[in-house]
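A quick write-up on the structure given underneath.
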Amino acid sequence: MSTTSTDRWPASALEEVELPPLLAALAAATGDRSLVDGELALDPAVRMLPQGGLSPAQLHTGRQRAAAALARLLDDRSPQPPVPVADLVRYLTGEAAAAEVSLPLFEEELAVGGIDPRAPGWHRDQLDAVRPFSVAVIGAGMSGLLVAHRLRQAGIEVTVLEKNADLGGTWHDNTYPGCRVDVHNHLYSYSFDQRDDWPHHFSTQDVLLDYFRSFAERSGVMAHVRFGTDVRSATFDDDTMRWTLELRTPKGDSTVEVDAVISAVGQLNRPKMPAIEGRDRFAGPSWHSARWDHGVDLRGKRVAVIGTGASALQFVPAISGEVADLVVYQRTPPWLGSTPDYHDDVSAGLQWLLDHVDDLGRWYRVWRLWQTFDGTANATVDPAWPASERSVSAANDRVRQAMTAYLEDQFGDRPDLLAKVVPSYPPSAKRGLRDNGAWARTLKLDHVHLVTDPLREITPTGVVTADGVERPADVIIYGTGFEASKFLTPMQVRGRGGVDLHQRWQGDARAYLGMTVPGFPNFFVMYGPNTNLVVHGSITFFSECQSRYILGCVRLLLEGNWRSIECRSDVHDAFNAWVDEANRSMAWGASSVSSWYKNELGRVAQNWPTTLQEYWTRTLSPNRSDFALGR
Ligand code: NAP
């Protein structure tokens with residue numbers, strides 16, 4: 001039997017799809033468990049590889065099985081006896097023991113049948129709550145919209161305060177050419193609001209903004225967002241146990257009082273401009289990547305770009321075709337991970353399957369989650385491994401070798417460039433970036449120059465490096481990242497007894513589970529300290545965990561008719577000691593390379609140090625004894 005020659009589905013479909021999730025979806029849809037049996041077993045050790053590392057022979061068998069099942073499915077769509085979802089998750093995760101622990105997590109992510117397992121499951125009307133309860137959410141980005149939706153599901157009065165004129169957070173701010181997400185889009189989306197028609201595997205900024213706008217409208221959250229509303233301060237009143245927020249809007253200043261505050265302002269929203277001598281003297285236009293000046297026509301211009309992080313690696317290739325001359329100033333090269341489909345549209349064949357095989361998009365999501373689920377394994381320090389800036393373990397060294405080979409393959413014909421682009425720090429010590437060849441193609445262009453000499457100063461007409469060479473520029477673009485460790489700035493937050501949160505933190509932000517801080521009752525943080533993900537999963541997953549946990553805290557308050565909930569100091573401190581210890585044994589904590597994962601004191605204040613499973617388990621519901629509750 002041919003696997004592809006059919007006029008019933010696009011000929012290329014079965015070649016273009018990742019077979020493991022397709023087989024799982026077909027097994028679920030046809031009730032045929034045998035589709036995933038026997039010789040198609042997956043090896044978790046190679047799950048990151050395309051097709052989960054299935055051999056050519058396995059792929060052949062898998063495609064034959066898929067074609068037969070697809071034909072049966074198209075002929076007969078009557079409901080079939082179900083195959084337990086758990087069995088299919090076990091197949092996909094290929095690791096029965098680990099899968100057992102993670103089964104509930106994956107089942108939630110699947111959200112088969114359009115259910116929403118992470119919805120609050122309670123409503124304030126069912127509780128014996130005697131007083132009104134209102135919440136202000138600060139920020140209408142991915143996290144803020146999500147938690148507002150969850151609050152509304154629980155019948156809690158919520159207002160979202162957004163300083164911008166539109167929603168979207170990072171997807172509102174970053175409009176630079178080439179901007180797109182670098183997590184598979186089936187995963188970078190809400191588990192309960194999945195879409196089967198992502199146009200790209202890694203969607204562009206406009207597509208993501210549309211997704212979040214559409215969600216805000218469909219969920220009804222949009223009506224509760226106050227745009228153009230900048231929260232200047234939040235102050236807790238020890239007597240009323242309520243928060244007062246000072247707001248600045250184009251129409252004037254005002255205040256609002258609420259029972260609880262949720263900060264959802266993100267980590268990567270305050271542009272970091274480099275302290276380079278003479279920066280203010282530059283005579284031409286200049287801007288940060290997150291504040292792109294679309295009014296300046298780059299055609300024919302000499303452009304200087306400072307930085308080679310995630311943003312620059314996206315916008316440099318995108319603008320290279322229009323500028324006359326492009327000088328890229330690199331201080332530290334990034335590790336690149338080969339991602340051939342990074343810029344690709346979802347193919348017609350795959351889209352056909354997504355349209356015709358029930359829940360395939362959901363299985364795709366779980367597959368993508370599983371592929372990086374244990375991403376920390378390759379980034380964990382092996383104490384027996386010789387300490388160096390080369391690698392932190394045998395597994396980390398294997399990643400180094402593979403990534404070095406990729407760079408050699410990309411830049412082999414340009415030894416001058418190759419010498420500049422191979423990092424001298426362990427993989428995962430800084431943010432690894434996706435690449436489909438665009439970076440090498442761009443740097444090899446005749447009018448593009450990669451400069452690695454340190455910067456000395458900026459003059460009115462260009463950039464001078466330490467060797468005294470001035471390279472003229474008409475425009476300077478700063479891809480220099482964000483003030484990630486300055487959590488919640490510039491907002492002033494005063495908790496119990498008027499204590500200022502920033503004075504308390506002294507530049508070293510900490511919170512329990514990234515969400516609550518002793519002395520700041522009824523105040524919650526999303527994407528707070530030590531909740532950034534860098535080698536696994538998707539930040540939407542963490543936001544869903546945080547939303548559930550925060551809703552759990554609100555429920556505790558309402559159920560017991562408490563007026564305040566506040567994390568205990570000993571719990572907070574013990575948690576942070578554990579976080580620090582765990583981060584020290586990760587590549588980003590052990591390496592001395594600078595990165596935005598560390599704050600100015602050198603502590604890793606941004607990253608979650610361990611597995612997704614750990615965070616999911618810890619945030620399922622608040623532990624009553626972790627908190628002091630007050631009336
Ligand atoms: P970044 O990763 O912090 O990169 C900043 C770049 O600017 C680095 O190359 C840095 O060099 C350089 N730089 C900073 N100050 C400098 C100075 N004074 N002199 C010379 N070079 C300087 O910032 P980003 O690229 O905006 O990305 C930040 C994060 O945002 C990413 O890691 C990612 O999490 C997120 N992001 C995601 C996407 C996506 O999903 N596709 C896209 C963009 C951003 P050093 O490395 O030497 O410090």
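Each DSSP beta bridge with both residues in the chain is either parallel or antiparallel, and the antiparallel ones are about 45%. Counted residue by residue at 0.36 nm each, then reduced by the alpha carbon distance between them, the extension gain from residue 33 to residue 581 reaches 192.9 nm.
Measuring between their Cα centroids, segment 424-444 and segment 184-257 lie 32 Å from each other.
Could you tell me which helices of the chain pass both thresholds, a Cα extent of 18 Å or more along their own axis and a mean Kyte-Doolittle hydropathy of at least -1.0, with helices taken as whole DSSP H runs?
Values: long enough: 56-75 (28 Å, -0.20); 96-110 (19 Å, 0.61); 205-219 (21 Å, -0.45); 360-372 (19 Å, -0.79); 394-411 (25 Å, -0.67); 539-559 (30 Å, 0.74); 569-584 (22 Å, -0.86).
Length and hydropathy pass: 56-75, 96-110, 205-219, 360-372, 394-411, 539-559, 569-584.
By how many nm would the segment from residue 332 to residue 11 lengthen if fully extended, with 0.36 nm per residue of separation less the alpha-carbon distance?
111.1 nm
Under the classification rounded if a/c is under 1.5, otherwise prolate if a/b is larger than b/c and oblate if not, where does segment 140-242 fall, given a ≥ b ≥ c as square roots of the Cα gyration tensor eigenvalues? Cα axes put segment 140-242 in the prolate bin. Across segment 388-441 the C-alpha pair distances fall into 10 Å bins from zero in the proportions 24, 54, 22, 0 percent. Would you mind classifying segment 266-328 by shape? Square roots of the alpha carbon gyration tensor eigenvalues, ordered a ≥ b ≥ c; an a/c under 1.5 is rounded, otherwise it is prolate if a/b is larger than b/c and oblate if not. Note, shape of segment 266-328 comes out oblate.
If you wrap the Cα atoms of segment 483-631 in a convex hull and average its projected area over all directions, you get 8.6 nm². What the Cα atoms of segment 75-198 give is an Rg and a Dmax of 19.1, 57 Å.
Taking the Cβ of each residue in 244, 255 as the centre, tally the other Cβ atoms inside 10 Å and list the residues starting with the fewest.
Values: 244 16, 255 11.
Lowest count first: 255, 244.
For the chain, the C-alpha radius of gyration divided by 2.2 N^0.38 Å, with N the number of residues, is 1.00. Pairs with C-alpha atoms separated by more than 30 Å, drawn from the list 251/301; 272/444; 301/420; 301/444; 301/486; 163/272, are 251/301; 301/486. Around residue 300, under 11 Å between beta carbons, what's the net of Lys plus Arg minus Asp minus Glu among the other residues? Computed value for this residue: -1. Taking Lys and Arg as +1 and Asp and Glu as -1, the other residues whose beta-carbon sits under 12 Å from that of residue 532 total +2. Ordered by the number of other Cβ atoms lying within 10 Å of each residue's own Cβ, fewest first, 585, 203, 621 fall into the sequence 621, 585, 203.
For segment 264-396, what does the alpha-carbon gyration tensor say about shape, rounded, prolate or oblate, given a ≥ b ≥ c as the root eigenvalues, a/c under 1.5 as rounded, and a/b over b/c as prolate?
Oblate, because a/c is 1.5 or more while a/b does not exceed b/c.
Each of 504, 131 was scored by other Cβ atoms within 10 Å of its Cβ. Arranged with the fewest first, they read 131, 504. In units of the compact-protein estimate 2.2 N^0.38 Å, segment 327-425 shows a Cα radius of gyration of 1.46.
Values quoted throughout were computed directly from the atomic coordinates according to the rules given, and no laboratory measurement underlies them. Quick caveat, the model's predicted, so the values are computed rather than measured. Because the Cβ atoms are built from the backbone with ideal geometry, glycine has one as well, and the counts that use them run over all protein chains shown.
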